[in-house]
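What follows is a short report on a single structure.
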Amino acid sequence: AECGVNADVEKHLELGKKLLAAGQLADALSQFHAAVDGDPDNYIAYYRRATVFLAMGKSKAALPDLTKVIELKMDFTAARLQRGHLLLKQGKLDEAEDDFKKVLKSNPSENEEKEAQSQLVKSDEMQRLRSQALDAFESSDFTAAITFLDKILEVCVWDAELRELRAECFIKEGEPRKAISDLKASSKLKNDNTEAFYKISTLYYELGDHELSLSEVRECLKLDQDHKRCFAHYKQVKKLNKLIESAEELIKDGRYADAISKYESVMKTEPGVPEYTVRSKERICHCFSKDEKPVEAIRVCSEVLQVEPDNVNALKDRAEAYLIEEMYDEAIQDYETAQEHNENDQQIREGLEKAQRLLKQSQRRDYYKILGVKRNAKKQEIIKAYRKLALQWHPDNFQNEEEKKKAEKKFIDIAAAKEVLSDPEMRKKFDDGEDPLDAESQQGGGGNPFHRSWNSWQGFNPFSSGGPFRFKFHFN
């Protein structure tokens, strides 16, 4: 029976070896599992399985197998050398040194001896660098500590404690994103590392990334649902996250006033983190701009741009507000600054072209100015303004020939303005920088229908559209 078991083990070992050579790692691993189960004292089975684990990048799983090999066969130098490599990568320098020294004492091959000598030198250097790093950290010389730790972690890549120490140095040096990178590595290297998840979450929170902060603090609570600091932080982040999500939904629905109120609540909820104040103001600036409240938009966007002069979103929103206020030079300047930082943004390019067209247009005839209304005026406001001006400048109101001619010109401009601005299609053309009544700006010509004498307007009733009213003039 014992011979039969050994034969099966040999079969598994041989098949596993062939599969390993063919690169079929998962299948090879299955064979070596079977070999270990068949003969728990077969050091070759453990060694082969450790080799597969290493090939699969599972060094944590390989280490116990290599230790078992050494227990079963003390003079197996290849296994001891391999374990020394893994221990060195984990930063277990004393244990690694012990393995390399024992390799040298156990009649190694020439190559093994050379490798063990080389690794011993490296291990000694790591010991020296670690002492220097710790001294620098204790002296609050975090830049020097980082330099030493950089060199150590090139060799001791799996040392979770040293990564956490470097993360602490990065935090002290004001480089939170680099700290996050080290802490993420540490959370994978060390089991149940709630502290790493907590720190990552708080760092993301301080950077203004509430979504990633929430995701990381949840990982902490998965490991320990009673973790006091994680739970307290989770409640704060969740509350903030809910406010921001709600505000963004309101923006999508065009409910800008309600969204502004939510973002004001965000600033009150987290006044201690400047990033949330800036981001909230950036979104409030956007809401005011979209809600066509240019004065408020310009004020809040300017507050954001004082802190972040290159904030493209605030530049675009302020430029839009400037357009409503007919401050074309300022709008052009904002669009040009935004374009310097994001030259491929189509919205910026289109906005800049529009602002340039409107500037040229403003130097010619401006129908909004003629009627004395804002660019965002509703149709009712346009009709109302038109009626008032048409009544005021009707040529029949004037007896003096010179005044009558002036009134005729004014009246024609008023009629033209009403014609363009009360027609959605013509108004859109005008808003895009094209005068629909200007022959020069119309492709294919066509002449200006309003460029005619007062005689052709005789009998014209300026109040015939926009309502049921009819007016009759009686002039002497």
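The values are calculated or read from the model by the stated rules, or taken from the named source; none is laboratory data. Bear in mind the structure is a predicted one, so any value in this text is a computation, not a measurement. Quick reminder, even Gly has a Cβ in these numbers, built from the backbone with ideal geometry, and neighbours come from all protein chains shown. Accessible surface is based on the protein model in full, side chains and every heavy atom, while ligands, DNA and RNA are left aside. Shrake-Rupley method; radii C 1.70, N 1.55, O 1.52, S 1.80 Å.
A few remarks follow.
- Restricting attention to segment 21-46, the residues being in contact with a Leu (Cβ under 6 Å, 6 or more places away or on another chain) and without any contact (Cβ under 8 Å) to a residue 24 or more places away in the chain number 2.
- Of the candidates G38, G23, G16, the single residue that is small (G, A, S), open to solvent by less than 70 Å² (accessible area, probe 1.4 Å) and under 18 Å from L66 (Cβ atoms) is G16.
- Against the numbered list (1) open to solvent by less than 40 Å² (accessible area, probe 1.4 Å); (2) closer than 29 Å to K11 by Cβ, R48 comes up short only at (1).
- Of the helices (runs of 4 or more DSSP H) contained entirely in segment 354-424, those carrying at least 3 residues that are at pLDDT 90 or above and over 26 Å from K293 (Cβ atoms) fall at 379-392, 401-421.
- Listed by first and then second residue, the pairs linking a residue in segment 227-241 that is at positive phi and of a type in the set (F, W, Y) to a residue that is outside any helix (DSSP H, G or I) and open to solvent by 20 Å² or more (accessible area, probe 1.4 Å), with Cβ atoms under 7 Å apart and 6 or more places separating them unless they lie on different chains, form an empty list.
- Under the condition of being in contact (Cβ under 8 Å) with a residue 60 or more places away in the chain and open to solvent by 20 Å² or more (accessible area, probe 1.4 Å), the residues counted in segment 357-378 number 5.
- For S123, the stated conditions hold: it is open to solvent by less than 70 Å² (accessible area, probe 1.4 Å) and at negative phi.
- First in segment 395-419 and touching a residue at least 40 places away in the same chain (Cβ under 8 Å), second anywhere and among the acidic types (D, E) and open to solvent by less than 30 Å² (accessible area, probe 1.4 Å), Cβ under 7 Å, 6 or more apart: none
- Against the conditions (1) within 25 Å of the chain's Cα centre (by Cα); (2) of a type in the set (K, R); (3) more than 27 Å from S139 (Cα to Cα), K222 satisfies every one except (1).
- Scan of segment 326-344 for residues that are crowded, with 16+ Cβ neighbours inside 10 Å and touching a residue at least 24 places away in the same chain (Cβ under 8 Å), ordered by number: E326, Y328, A331, I332, T337, A338
- Taking segment 295-311 as the range and being surrounded by 18 or more Cβ atoms within 10 Å (Cβ to Cβ) and not in a loop (DSSP other than H, G, I, E, B) as the test, the residues that pass are A297, I298, V300, C301, V304, L305.
- Condition met for V157 (part of a loop (DSSP other than H, G, I, E, B) and under 45 Å from the mean Cα position of the chain (by Cα)): yes
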